[in-house]
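Trainee: Handing you a structure now.
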Amino acid sequence: MDNRPIGFFDSGLGGLTCIPFLHQKLPNEKIIYYGDTARTPYGSKSIENIRQFSTQIVDYLVSHDVKLIVIACNTVSATCIDLLKERFPEVPILGIIDPMARKIAEIGESKDKFGVIGTKVTISSGVYEDKVKMYNESINIHSLACPALVPLIEEGIINNEIMDLMIKYYIDDFQKKRNINKLVLGCTHYPIIQENIQRLYPDMELLNPSEEVINSVGKMLEEKGMLAEPNDSRNLCYASDLSENFLNMINLFFDNDSVDTDIMKFYD
Ligand code: DGL
């Protein structure tokens, strides 16, 4: 048993979409979350900057004695996981892409046409295609970058026609041309607009990596004998900017009295 918290991080509020699955599947676990809200989005930045930012965050989480770190960001998982594992060998680090790729390889049938949407950096890395092929050669996955979605989500522009138009602007042609019937939400911000996407494309099955990574967390902690027992520790959420939307999302995903929030910046 191990009651230390699990570290989660993302460029902003997207990684919080893992939390409902954590509460549902591993209710004793407590977390320390870091959202780099002042520097979001990462998905259109240079790999050099993403490496620098994510190294600072992991260093900070390690200093909080976390038992495991979840990279709750596809962009960082696509570009920095090897570097982060090498730099911080003292703590297990789990990326969000690998569990989803394994699941696709497992459930994929010959009739399926998989698609993945994500940030520019995630999509241009080709990581979903490569990993899925590695686990199951017979599956093809088509990918599409949707760079304007994250800034709208961080702004809280969700339940309205601007978001719907933006989704259609990206996905309409892609879906028709490729006949996509299963779509991976390859950015942790996208589950926040899952209802919009499902309403616009009711026949498409949506696959959520935030759920898959929590299944892997559970397996890993169980195998290592590191699951938490019931405990009264509080969850901690840090951000480089405590924006109104970040706080709204925290209220949505946590019981108000189980979480503390604070600001933490790695620069002046
Ligand atoms: N939520 C992130 C991801 O999964 C990053 C979004 C961004 O900062 O561009 O890729």
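Trainee: Please specify each residue of the stretch 1-55 satisfying the condition of being assigned to a loop (DSSP other than H, G, I, E, B), more than 10 Å from the ligand (Cβ to nearest atom), touching a residue at least 12 places away in the same chain (Cβ under 8 Å) and among the small types (Gly, Ala, Ser).
Mentor: 38
Trainee: Just to be sure before I move on: is residue 60 of a type in the set (Phe, Trp, Tyr), in a helix (DSSP H, G or I) and buried (at least 16 other Cβ atoms within 10 Å of the Cβ) in the structure I sent?
Mentor: Judged against the criteria, residue 60 is a match.
Trainee: Run down 109, 90 and say which single residue is surrounded by fewer than 23 Cβ atoms within 10 Å (Cβ to Cβ) and more than 17 Å from residue 8 (Cα to Cα).
Mentor: Matching residue, one of 109, 90: 109.
Trainee: What are the residues in the stretch 146-177 that are open to solvent by less than 30 Å² (accessible area, probe 1.4 Å) and touching a Leu at 6+ places or on another chain (Cβ under 7 Å), if any?
Mentor: Hits for the stretch 146-177 are 154, 163, 164, 167, 174.
Trainee: Let me ask something else. Which one of the conditions (1) open to solvent by less than 60 Å² (accessible area, probe 1.4 Å); (2) of a type in the set (Val, Ile, Thr); (3) away from the ligand (no atom under 16 Å from the Cβ); (4) farther than 27 Å from residue 24 by Cβ does residue 132 fail to meet, given that it meets all the rest?
Mentor: Against the list (1) open to solvent by less than 60 Å² (accessible area, probe 1.4 Å); (2) of a type in the set (Val, Ile, Thr); (3) away from the ligand (no atom under 16 Å from the Cβ); (4) farther than 27 Å from residue 24 by Cβ, residue 132 comes up short only on (4).
Trainee: Scan the stretch 166-178 and report the pairs whose first residue is charged (D, E, K, R) and whose second residue is surrounded by 12 or more Cβ atoms within 10 Å (Cβ to Cβ), with Cβ atoms within less than 8 Å and a gap of 6+ or a chain change.
Mentor: Partner pairs satisfying both residue conditions: 168/200; 178/113; 178/115; 178/142.
Trainee: Which residue, of 195, 161, 212, 205, is touching a Pro at 6+ places or on another chain (Cβ under 7 Å) and closer than 29 Å to residue 144 by Cβ?
Mentor: Selected residue: 212, the only one of 195, 161, 212, 205 that is touching a Pro at 6+ places or on another chain (Cβ under 7 Å) and closer than 29 Å to residue 144 by Cβ.
Trainee: Filter the stretch 4-29 down to the residues that are over 15 Å from the mean Cα position of the chain (by Cα) and closer than 20 Å to residue 90 by Cβ and list them by number.
Mentor: Result: 4, 5, 29.
Trainee: Another question, if that's okay. Out of 37, 79, I need the residue that is polar (S, T, N, Q), within 20 Å of residue 131 (Cβ to Cβ) and more than 12 Å from the chain's Cα centre (by Cα). Which one?
Mentor: 79
Trainee: Anything in the stretch 217-229 that is in contact (Cβ under 8 Å) with a residue 60 or more places away in the chain and either of a type in the set (S, T, N, Q) or closer than 27 Å to residue 115 by Cα (or both)? List them, or say none.
Mentor: Within the stretch 217-229, 217, 218 meet the criteria.
Trainee: Turning to a different aspect of this structure: Anything in the stretch 183-216 that is hydrophobic (A, V, I, L, M, F, W, C), open to solvent by less than 20 Å² (accessible area, probe 1.4 Å), farther than 15 Å from residue 115 by Cα and within 14 Å of the ligand (Cβ to nearest atom)? List them, or say none.
Mentor: 193, 213
Trainee: Give the stretch 102-127 a look and list any residue that's within 21 Å of the chain's Cα centre (by Cα), polar (S, T, N, Q) and away from the ligand (no atom under 11 Å from the Cβ), or say none.
Mentor: The answer is 124, and nothing else.
The values are calculated or read from the model by the stated rules, or taken from the named source; none is laboratory data. Computed from a prediction, not measured in an experiment: that's the story for all the values here. With ideal geometry, Cβ positions are generated from the backbone for all residues, glycine too; neighbour counts draw on all protein chains shown. Only protein heavy atoms, including side chains, enter the accessible area calculation; ligands, DNA and RNA are left aside. Shrake-Rupley method; radii C 1.70, N 1.55, O 1.52, S 1.80 Å.
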